[in-house]
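Worksheet: the structure to be examined is printed underneath.
The values are calculated or read from the model by the stated rules, or taken from the named source; none is laboratory data. All figures in this text were calculated on a predicted structure; none of them were measured in a lab. When we count neighbours, we look across all protein chains shown, and the Cβ atoms used for this are built from the backbone with ideal geometry, even at glycine.
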Amino acid sequence: MDLKKTADWLEKSGYPKFRARQISDAVYKNAVSGFDEITALPAPLRTGLKSHFKILALEPETVLESKAGNAVKAAFLLKDGLKIESVLLNLFPAKWSVCVSTQAGCPVQCPFCATGRRGLKRNLSPAEITSQYLFWAQYLKKSRPEERITGAVFMGMGEPFLNYDSVAESIRTITDPDLIGLGDRHLSVSTAGHVPGIRRFAKDFPQVNLALSLHAVDDALRTRLVPLNEKYPLDQLSKALRDYIFSTKRKVFIEYVLLGGINDSQTAAKKLSEWIKSVENVKYFNVNLIPYNDARRAFRAPARERAQLFANLLLMFNIQATLRHSLGADIKGACGQLAGSSTRDPA
Ligand code: SAH
Ligand code: SF4
């Protein structure tokens, strides 16, 4: 909800200032789903709020739980009829992470990702991004009141750094101790390699985790897999990462989707290790290997043993690496599968 507009309306309607704080605490800290739940407010004020404001800037349409119970996907309807998706993930007992979308569609159009299938529809507003988080906080409060959201990842639909200002405002709302108040280090932003974005992010949010979707370390292959590489090739990316590490002293999380027969060979593992070593000390990197999730017909996941071998090779080269099987594949909620029905991949 728009706090500024709410405060103005409260003032105009003659309510004391402390009401604004009560409302924002209820919405951001206590995850109320409706103004009626804020029983500390006088009834006429609750009625007034209901007729003037909405807590969420998007409308939840469907919610799907994975069989294993560790991933939940929601589809939201935006004001202009577009649809986006967001996921709630259970990575540790009783601790949940929210994966938010930053754009409807994505202009980068990586050929292995369902989100990029139809290009960009539009950027999401800060309120639309933050509302995904608030929706999941409300959902957990109702369905699992003992459990908590302890992290947020900007890894849903879209390239966060192509919608930088909205993403930045949403990060501020999620981390502001007066609003949601999650610690900076509990947030992560994943980029396909937008170099100016990485540089800005290093200055603005040195404590928020940076994840880079690398997928290949030779320019020809990387440009095929991540078309943004044409504009920001590997040497520029390497310099940006070095500067990022120099100024923040933080680790970079490298994401590497394993695509069978394309970037999953032993030679590729060796080249990846060498590239990482050429950027900075290996202690600053953590590689997440993500076996391809079914999203586009032209690709396949490597066999389990092959993926494990790739991981073992990185470890042998002293690179910290984890092989991560995405949660939520049965509800099409895993990495790369989010589409929103207006951008659904018919293939
Ligand atoms: N646009 C940003 C963030 C959203 S994508 C980025 O690309 O980093 C989140 C992650 O899902 C990225 O690492 C992306 O490479 C990965 N991904 C996309 N499609 C995938 C697929 N089909 N299988 C596994 N991971 C995929
Ligand atoms: Fe966009 Fe990321 Fe999907 Fe590439 S992987 S199309 S950058 S959302």
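Being part of a helix (DSSP H, G or I) and at pLDDT 95 or above is true for just one of Gly81, Gly48. Which residue is that?
Values: Gly81 fails: part of a helix (DSSP H, G or I).
None of the others qualify; the one that does is Gly48.
Can you list residue pairs whose Cβ atoms sit under 8 Å apart, with the first residue in region 36-52 being farther than 18 Å from Pro16 by Cβ and the second being among the small types (Gly, Ala, Ser) and not in a helix (DSSP H, G or I)? Count only pairs 6 or more apart in sequence or on different chains.
Lys50/Gly34
Please name all residue pairs, on different chains or six or more residues apart, with Cβ atoms under 6 Å, provided the first residue is in region 188-202 and is in contact (Cβ under 8 Å) with a residue 40 or more places away in the chain and the second residue is of a type in the set (S, T, N, Q) and more than 14 Å from ligand 1 (Cβ to nearest atom).
Cβ pairs passing all conditions: Val195/Gln236; Ala202/Ser247; Ala202/Thr248.
Considering only region 214-270, state which residues are on the phi > 0 side of the Ramachandran plot and surrounded by fewer than 21 Cβ atoms within 10 Å (Cβ to Cβ).
Lys249, Gly261
Suppose the filter is closer than 27 Å to Arg297 by Cα, touching a Gly at 6+ places or on another chain (Cβ under 6 Å) and more than 16 Å from ligand 1 (Cβ to nearest atom); does Lys83 pass it?
Values: closer than 27 Å to Arg297 by Cα: yes; touching a Gly at 6+ places or on another chain (Cβ under 6 Å): yes; more than 16 Å from ligand 1 (Cβ to nearest atom): yes.
Spelling it out, Lys83 is indeed closer than 27 Å to Arg297 by Cα, touching a Gly at 6+ places or on another chain (Cβ under 6 Å) and more than 16 Å from ligand 1 (Cβ to nearest atom).
So which of Lys270, Lys239, Lys231 ends up being assigned by TED's automatic domain parsing to the domain that holds Phe201, under 25 Å from the mean Cα position of the chain (by Cα), over 19 Å from Glu159 (Cα atoms) and of a type in the set (D, E, K, R)? Steps first, answer last, please.
Numbers: Lys270 fails: under 25 Å from the mean Cα position of the chain (by Cα); Lys231 fails: over 19 Å from Glu159 (Cα atoms).
From the options Lys270, Lys239, Lys231, the qualifying one is Lys239.
Hey, can you tell me all the residues within region 175-216 that are of a type in the set (Val, Ile, Thr) and part of a helix (DSSP H, G or I)? Working first, answer last.
So in region 175-216, the residues of a type in the set (Val, Ile, Thr) come out as 175, 180, 189, 191, 195, 198, 208.
Across region 175-216, the qualifying residues are Thr175, Val195, Ile198.
Which one of these does Asp294 not meet: (1) within 11 Å of ligand 1 (Cβ to nearest atom); (2) over 30 Å from Lys73 (Cβ atoms); (3) charged (D, E, K, R)?
Of the numbered conditions (1) within 11 Å of ligand 1 (Cβ to nearest atom); (2) over 30 Å from Lys73 (Cβ atoms); (3) charged (D, E, K, R), the odd one out for Asp294 is (2).
For the structure I just gave you, tell me whether Ala74 is surrounded by fewer than 16 Cβ atoms within 10 Å (Cβ to Cβ) and either assigned by TED's automatic domain parsing to the domain that holds Thr130 or over 22 Å from Glu147 (Cβ atoms) (or both). Steps first, answer last, please.
Numbers: surrounded by fewer than 16 Cβ atoms within 10 Å (Cβ to Cβ): no; either assigned by TED's automatic domain parsing to the domain that holds Thr130 or over 22 Å from Glu147 (Cβ atoms) (or both): yes.
No; evaluated as a whole, the condition is false for this residue.
Here are some residues: Ser166, Ser188, Ser97. Which one is within 16 Å of ligand 2 (Cβ to nearest atom), modelled with pLDDT of 95 or more, within 30 Å of Leu259 (Cβ to Cβ) and not hydrophobic (A, V, I, L, M, F, W, C)?
Details: Ser166 fails: within 30 Å of Leu259 (Cβ to Cβ); Ser97 fails: within 16 Å of ligand 2 (Cβ to nearest atom).
Going through Ser166, Ser188, Ser97 in turn, the sole match is Ser188.
What single numbered condition from (1) touching a residue at least 40 places away in the same chain (Cβ under 8 Å); (2) outside any strand (DSSP E or B) fails to hold for Tyr256?
It is condition (2) that Tyr256 fails.
For Leu91, indicate whether it is part of a strand (DSSP E or B) and hydrophobic (A, V, I, L, M, F, W, C). Don't jump to the end; show me each part of the working.
On the way: part of a strand (DSSP E or B): yes; hydrophobic (A, V, I, L, M, F, W, C): yes.
Yes.
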